[in-house]
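Structure first, commentary second.
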2 protein chains.
Amino acid sequence: VNTTAVNTTPGALMLAEIREQPDVLARQLDTELERIRSVAAHLRAARPTTVLLAARGTSDHAAIYAKYLIETTLGLPCGLASMSTFTAYRAQARYENTLWIAISQSGGSPDLIQSTQRAAHCGATTLAITNSPDSPLASTSQMSISIEAGTERAVAATKSYTASLQAIWLLVDLWSGGDGSAARTLTDHMRRQVDRDDVLEVASRYRFIDRVITVGRGFSYPTAREGALKMMETSYVGAQAFSGADLLHGPVAMVDTACPVLVVGAAGMTADLLAPVVDRLHDRGADICVVGPPSVQARLPAAIRLLTPEGVDERLAPIVQIVPLQVLARQMATDRGHDPDQPRGLSKATSTR
Amino acid sequence: VNTTAVNTTPGALMLAEIREQPDVLARQLDTELERIRSVAAHLRAARPTTVLLAARGTSDHAAIYAKYLIETTLGLPCGLASMSTFTAYRAQARYENTLWIAISQSGGSPDLIQSTQRAAHCGATTLAITNSPDSPLASTSQMSISIEAGTERAVAATKSYTASLQAIWLLVDLWSGGDGSAARTLTDHMRRQVDRDDVLEVASRYRFIDRVITVGRGFSYPTAREGALKMMETSYVGAQAFSGADLLHGPVAMVDTACPVLVVGAAGMTADLLAPVVDRLHDRGADICVVGPPSVQARLPAAIRLLTPEGVDERLAPIVQIVPLQVLARQMATDRGHDPDQPRGLSKATSTR
């Protein structure tokens, strides 16, 4: 779909869409809030007892965010769906009280469409969250929300990710009885994240890496996952994302002085849970970069830092904290001589079964 | 706990426990079947409508196996629990009809114990699957199953993994009305996997790698995950595991001719789903090793192969297919001058919050 784009500057498309994010979030609030409110009202009435989330790639990280948000706000048991349960194993499921949420920028991947249809057939209420309100996924779902990110032309998704996160936050906030107004603070925070020079230092330090580890916990874990994917897609580094606890249960053995680690810190209890992880990483001699607000930086010692704003609600912070990692991925790619708008071996919409 | 072990041969403990696996599986069938049958009968009566699985490290891969098995056999919505929902965010959950299964070799990690207690407080039925029937986790759970792997001394878990998988398979088979007898075929298959020379060729080819990608789909995905963890823990390579579909949604861009890929193939529809993934990997010039039975090997072209037996039920195959990857991880580690029984930075039981 981006064959018509003629770019003289590598990564120009990706950078333009990174910069567009504050406007996308503001526009979504203006145009989609009422639609999301009506979906939330329907869900309050339907009273699902379980939520399953189906997604791939960047949208899978939006699904992980949704899982933490639904579990901590609504208290419902929540899981990520395995699409092969339907596409490979043709399972019969008992989904009578289950809400099935499918998240996809394009709304076109066959496995997502097929498993959503099967979930509905097995009794689930189905909801699509897409950037393509006329897509097969949106059409086949009982309800749908459009994230209104506008056409996304860069292969590496950026604005569709933050727009998905805000739509999910609005849905859960309205579902739990809130009014969605806290999201109005996001646009200003985002605007200050988009153009930043401190990323240049980190990109320079990572100029020759083959591997990088990203670490998060709780609400900062989807940011660690999405940051790693951006670096894999655009800079072709072997980026591995871990929850801090999972890292300690084995993988930490591979960390040494040649292994850079990017820790995405968040406020509150999460910083307490990440502190012993950072200690262990220092024991292993890791080169650590912490992404987070000053108060969290003060508790997690690191060689380099990417500051994010103080005082953002932990549940909204993932929408802000991913931005420096998007900028970093684009900068690393161009520094290393790649065009992140034309990553090797990828096209904009991926179809899998 | 293994400070008393004096090993002259690196990896002697790990190799001994790999070789012990057929006997462990046979013994578990002899001594634990009735206990598992009574738990299954209780679950049939309790009729949970949702299942959550809580685990870390190797046990997390047993949990992924359990998720596929429960979804495809029982049709219940099933998810992996996020322990930070309780330990960091103190969530109130509505778990009245939820079965919470905690899986842990040691049964001692504080986050697992605390979140299991919280799950019970929120209404869940709790079941522990451990190798330590007297552990805090087993004691705090309403029901428990002992996998009876015997004391595991090697830091890199092997026999506790396959013993957990068999216990889970027995539980789900009995829960769904089966008699568990199909597991009796496993011991012979396992015995033929334990000592094998073809692994030497793969270990030699991987002598100098820094990174490796492992790929599975459906029931072969937990094997890809666990194989990657074994290589991270013992050989310190950056091993990244993907579902074949997820790999295509972005990460495939980082694959090139310098990147070895280990594809864990399985019978049935899964081979159909992996075929286009292997095609894409060939397009990217990857060096591919396929793990699988001859019929699957015939459909997935590869530079090198690790054969596994033909005709094993796809749901039992993960118990057999992990063995060559355990042997490979141990061989790679010793070839590279490491002692997999004393991996750097790890101890046998990991405590996280």
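Give the residues of the stretch A:213-222 that are within 17 Å of residue A:284 (Cα to Cα) and either polar (S, T, N, Q) or modelled with pLDDT under 95 (or both), sorted by residue number.
First, pick out the residues of the stretch A:213-222 that are within 17 Å of residue A:284 (Cα to Cα): A:213-215.
A:214, the sole residue that qualifies.
Within the stretch B:65-87, work out how many residues are hydrophobic (A, V, I, L, M, F, W, C), within 7 Å of chain A (Cβ to nearest Cβ) and open to solvent by 10 Å² or more (accessible area, probe 1.4 Å).
1
With respect to residue A:270, is the statement that it is within 14 Å of chain B (Cβ to nearest Cβ), surrounded by 20 or more Cβ atoms within 10 Å (Cβ to Cβ), touching a residue at least 12 places away in the same chain (Cβ under 8 Å) and among the hydroxyl-bearing types (Ser, Thr, Tyr) true?
Working: within 14 Å of chain B (Cβ to nearest Cβ): yes; surrounded by 20 or more Cβ atoms within 10 Å (Cβ to Cβ): yes; touching a residue at least 12 places away in the same chain (Cβ under 8 Å): yes; among the hydroxyl-bearing types (Ser, Thr, Tyr): yes.
When the stated conditions are applied, residue A:270 passes them.
Right, residue A:331: touching a residue at least 24 places away in the same chain (Cβ under 8 Å) and open to solvent by less than 10 Å² (accessible area, probe 1.4 Å) or not? Don't jump to the end; show me each part of the working.
Numbers: touching a residue at least 24 places away in the same chain (Cβ under 8 Å): yes; open to solvent by less than 10 Å² (accessible area, probe 1.4 Å): no.
When the stated conditions are applied, residue A:331 does not pass them.
Which of the residues that make up the stretch A:58-82 are touching a Leu at 6+ places or on another chain (Cβ under 7 Å) and in a loop (DSSP other than H, G, I, E, B)?
A:77, A:81
Among (1) more than 22 Å from residue A:134 (Cβ to Cβ); (2) away from chain B (no Cβ under 14 Å); (3) open to solvent by 10 Å² or more (accessible area, probe 1.4 Å), which single condition is residue A:34 missing?
So residue A:34 meets the others, but not (1).
Among the residues of the stretch B:223-235, are any of a type in the set (Lys, Arg), within 18 Å of the chain's Cα centre (by Cα) and modelled with pLDDT of 95 or more? Talk me through it step by step, then tell me what you get.
Here is the first cut: in the stretch B:223-235, the ones of a type in the set (Lys, Arg) are B:225, B:230.
Okay, now just the ones that are also within 18 Å of the chain's Cα centre (by Cα), so B:225, B:230.
Then keep just the ones that are modelled with pLDDT of 95 or more; that gives B:225, B:230.
Yes: the stretch B:223-235 contains one or more residues that are of a type in the set (Lys, Arg), within 18 Å of the chain's Cα centre (by Cα) and modelled with pLDDT of 95 or more.
Taking the condition crowded, with 20+ Cβ neighbours inside 10 Å and β-branched (Val, Ile, Thr), does residue B:257 pass?
Numbers: crowded, with 20+ Cβ neighbours inside 10 Å: no; β-branched (Val, Ile, Thr): yes.
It is false that residue B:257 is crowded, with 20+ Cβ neighbours inside 10 Å and β-branched (Val, Ile, Thr).
How many of the residues in the stretch A:217-243 are closer than 16 Å to residue A:314 by Cβ and either within 8 Å of chain B (Cβ to nearest Cβ) or open to solvent by 10 Å² or more (accessible area, probe 1.4 Å) (or both)? First the steps, then the outcome.
Within the stretch A:217-243, the first condition is being closer than 16 Å to residue A:314 by Cβ, and the residues that meet it are A:217-224, A:243.
Now restrict to residues that are either within 8 Å of chain B (Cβ to nearest Cβ) or open to solvent by 10 Å² or more (accessible area, probe 1.4 Å) (or both): A:217-218, A:221, A:243.
Summing the residues that are closer than 16 Å to residue A:314 by Cβ and either within 8 Å of chain B (Cβ to nearest Cβ) or open to solvent by 10 Å² or more (accessible area, probe 1.4 Å) (or both) in the stretch A:217-243 gives 4.
If you take the residues of the stretch A:96-117 that are more than 22 Å from the chain's Cα centre (by Cα) and within 10 Å of chain B (Cβ to nearest Cβ), which of them is nearest to residue A:157 (Cα to Cα)? Talk me through it step by step, then tell me what you get.
The first filter runs over the stretch A:96-117 and keeps only residues more than 22 Å from the chain's Cα centre (by Cα), leaving A:96-98, A:114, A:117.
Adding the requirement that they be within 10 Å of chain B (Cβ to nearest Cβ) leaves A:96-98.
On the way: A:96: 34, A:97: 33, A:98: 29 Å.
So the residue we want is A:98.
Could you tell me which numbered condition residue B:85 fails, if it satisfies all but one of (1) β-branched (Val, Ile, Thr); (2) in contact with an Asp or Glu (Cβ under 7 Å, 6 or more places away or on another chain); (3) at pLDDT 95 or above?
Against the list (1) β-branched (Val, Ile, Thr); (2) in contact with an Asp or Glu (Cβ under 7 Å, 6 or more places away or on another chain); (3) at pLDDT 95 or above, residue B:85 comes up short only on (3).
What residue, of A:93, A:120, A:62, A:124, is within 14 Å of chain B (Cβ to nearest Cβ), in contact with a strand residue (DSSP E or B) (Cβ under 7 Å, 6 or more places away or on another chain), open to solvent by 10 Å² or more (accessible area, probe 1.4 Å) and of a type outside the set (Phe, Trp, Tyr)?
Numbers: A:93 fails: in contact with a strand residue (DSSP E or B) (Cβ under 7 Å, 6 or more places away or on another chain); A:62 fails: open to solvent by 10 Å² or more (accessible area, probe 1.4 Å); A:124 fails: open to solvent by 10 Å² or more (accessible area, probe 1.4 Å).
The unique qualifying residue is A:120.
Tell me, which residue of the stretch B:329-353 that is part of a helix (DSSP H, G or I) and closer than 26 Å to residue B:107 by Cα is farthest from the other protein chains (Cβ to nearest Cβ)?
The first filter runs over the stretch B:329-353 and keeps only residues part of a helix (DSSP H, G or I), leaving B:329-335.
Of the ones still in play, those that are also closer than 26 Å to residue B:107 by Cα are B:329-330.
Numbers: B:329: 11, B:330: 14 Å.
Per the stated criteria, the residue is B:330.
Could you say whether any residue in the stretch A:110-119 is under 29 Å from residue B:88 (Cα atoms) and touching a residue at least 24 places away in the same chain (Cβ under 8 Å)?
Of the stretch A:110-119, the ones under 29 Å from residue B:88 (Cα atoms) are none.
Checked against the condition, which is being under 29 Å from residue B:88 (Cα atoms) and touching a residue at least 24 places away in the same chain (Cβ under 8 Å), the stretch A:110-119 yields no hits at all.
Among the candidates A:195, A:210, A:188, single out the residue that is facing another protein chain (nearest Cβ under 9 Å) and either surrounded by fewer than 22 Cβ atoms within 10 Å (Cβ to Cβ) or aliphatic (A, V, I, L, M) (or both).
Numbers: A:195 fails: facing another protein chain (nearest Cβ under 9 Å); A:188 fails: facing another protein chain (nearest Cβ under 9 Å).
None of the other options fit; the residue is A:210.
The rows are residues; the columns are (1) outside any helix (DSSP H, G or I); (2) in contact with a helix residue (DSSP H, G or I) (Cβ under 9 Å, 6 or more places away or on another chain); (3) within 14 Å of chain A (Cβ to nearest Cβ).
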{"site": "B:278", "(1), (2), (3)": "no, yes, yes"}
{"site": "B:282", "(1), (2), (3)": "no, no, yes"}
{"site": "B:320", "(1), (2), (3)": "no, yes, no"}
{"site": "B:327", "(1), (2), (3)": "no, yes, no"}
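Show the residue pairs that are 6+ apart or on different chains and have beta-carbon atoms under 7 Å apart, the first residue being within the stretch B:172-187 and on the phi > 0 side of the Ramachandran plot and in a helix (DSSP H, G or I), the second being at pLDDT below 95 and surrounded by 14 or more Cβ atoms within 10 Å (Cβ to Cβ).
From residues that are on the phi > 0 side of the Ramachandran plot and in a helix (DSSP H, G or I), there are no pairs.
The values are calculated or read from the model by the stated rules, or taken from the named source; none is laboratory data. Computed from a prediction, not measured in an experiment: that's the story for all the values here. Don't worry about glycine lacking a Cβ; one is built from the backbone with ideal geometry, like all the others, and counts go over all protein chains shown. Side chains included, ligands, DNA and RNA excluded: accessible areas come from the protein's heavy atoms. Shrake-Rupley method; radii C 1.70, N 1.55, O 1.52, S 1.80 Å.
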